Amino acid sequence: MLAATDYRGADAGYAQLYYQLNMIMFWTAYTGWYQALAVAQANGLTAADIVPYAGYTADTREAAPAA
């Protein structure tokens with residue numbers, strides 16, 4: 001089992017809808033990270049340089065990283 005299960009009602013289409021919505025969010029974040037990393041590296045930054053900002057972007061409840 002890769003994820004938790006929960007009941008979404010009698011309409012089986014809802015299960016697929018929720019799955020697809022999660023895949024949209026996952027692939028957007030996954031490819032976005034690699035695109036950001038490529039742009040950062042092209043400008044002389046490393047993954048370590050941008051990780052604090054990636055964490056802040058992923059959870060906006062946190063304070064912005066210190067400069």
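The values are calculated or read from the model by the stated rules, or taken from the named source; none is laboratory data. None of these values were measured; they are calculated from a predicted model. All accessible areas refer to the heavy atoms of the entire protein, side chains included, with ligands and DNA or RNA removed. Shrake-Rupley method; radii C 1.70, N 1.55, O 1.52, S 1.80 Å.
Laid out as a table, the results:
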quantity	calculated
5 angstrom amide H check on residue 8, placed H, neighbours 5+ away	none
Average accessible area per residue (Å²) across the range 1-61 - probe 1.4 Å, nucleic acids and ligands excluded	86 Å²
